[in-house]
Ligand SMILES: [Zn+2]
């Protein structure tokens with residue numbers, strides 16, 4: 001058992017958790033058909049599947065509750081109940097989670113990010129300097145497997161990938177296909193920004209009509225299931241490798 005929602009102290013004291021997984025999502029509109037909590041639900045679901053597979057291979061990793069607030073783009077935060085969490089707050093949360101895990105004897109954390117606006121690299125680097133014996137890894141679950149082998153157009157936000165995953169894990173939260181917005185997106189007028197050689201956060205009010213980015217029409221529960229399987233297999237394998245890592249044996 002690896003789901004903190006179901007673990008009591010009697011379970012924890014008889015377990016040997018080698019690492020913790022922290023799903024991290026966002027609270028934001030996801031086109032017209034997916035729930036605001038999509039990123040929280042999916043980052044947690046993928047974490048639970050991966051941890052269950054790792055446990056079968058003999059490695060226990062505890063899945064913490066998802067942090068439900070993400071870093072949001074300008075324009076997005078103008079929508080009602082879209083909650084923007086500042087990087088300073090995210091850093092404070094991570095600092096407290098890492099310090100607490102460390103006191104309790106766990107010295108590894110895998111951040112399972114489910115929201116494109118979150119970027120933990122800088123914060124992880126700061127914490128790596130401050131806690132040299134504590135290993136923190138961050139990953140975007142939707143990037144660990146090449147989505148183009150599973151979907152016609154994966155999309156960025158509430159597109160085919162996310163809609164398929166929600167149809168697989170939480171079909172009861174997905175509105176009927178006839179309600180899907182197109183997810184059509186306006187491009188930048190400067191080519192360097194479109195090819196991502198140069199970056200600035202997109203203004204969501206200006207790039208999307210329905211808050212989606214990417215066409216969800218070809219989404220299916222079947223493809224969501226196949227992708228979820230592939231992602232959780234890769235993550236489970238990583239969990240097993242990471243469980244055996246130490247700051248000393250991390251390099252060949
Ligand atoms: Zn999302």
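Please indicate, with yes or no, whether at least one residue in the range 144-159 is away from the ligand (no atom under 16 Å from the Cβ), out of contact with any helix residue (DSSP H, G or I) (no Cβ under 8 Å at 6 or more places or on another chain) and touching a residue at least 40 places away in the same chain (Cβ under 8 Å). No.
The number of residues in the range 108-125 that are without any contact (Cβ under 8 Å) to a residue 60 or more places away in the chain and more than 16 Å from the ligand (Cβ to nearest atom) comes to 5. Residues in the range 97-123 that are surrounded by 19 or more Cβ atoms within 10 Å (Cβ to Cβ), more than 11 Å from the chain's Cα centre (by Cα) and not in a strand (DSSP E or B): 98, 101, 120, 123. Considering 61, 50, 45, 20, the condition of being assigned to a helix (DSSP H, G or I) and either away from the ligand (no atom under 16 Å from the Cβ) or more than 28 Å from residue 225 (Cβ to Cβ) (or both) is satisfied by 50 alone. Only residues that are under 26 Å from residue 35 (Cβ atoms) and not in a helix (DSSP H, G or I) were counted across the range 212-244, and they come to 9.
Among the residues of the range 186-211, how many are under 20 Å from residue 118 (Cβ atoms) and either part of a loop (DSSP other than H, G, I, E, B) or over 21 Å from the mean Cα position of the chain (by Cα) (or both)?
Within the range 186-211, the first condition is being under 20 Å from residue 118 (Cβ atoms), and the residues that meet it are 196, 199-204, 207-208, 211.
Narrowing further to those that are either part of a loop (DSSP other than H, G, I, E, B) or over 21 Å from the mean Cα position of the chain (by Cα) (or both): 196, 199-203, 207-208, 211.
Looking only at that region, the number is 9.
Could you check how many residues of the range 171-180 are surrounded by fewer than 17 Cβ atoms within 10 Å (Cβ to Cβ) and either assigned to a loop (DSSP other than H, G, I, E, B) or free of Cβ contacts under 8 Å to residues at least 12 places away in the same chain (or both)?
Adding up the residues that qualify gives 4.
Read the figures in this text as sums done on the coordinates, not as results from a lab. Quantities reported herein were computed from a predicted structural model and do not represent experimental measurements. Counting neighbours? That spans all protein chains shown, and the Cβs are built from the backbone with ideal geometry, glycine included.
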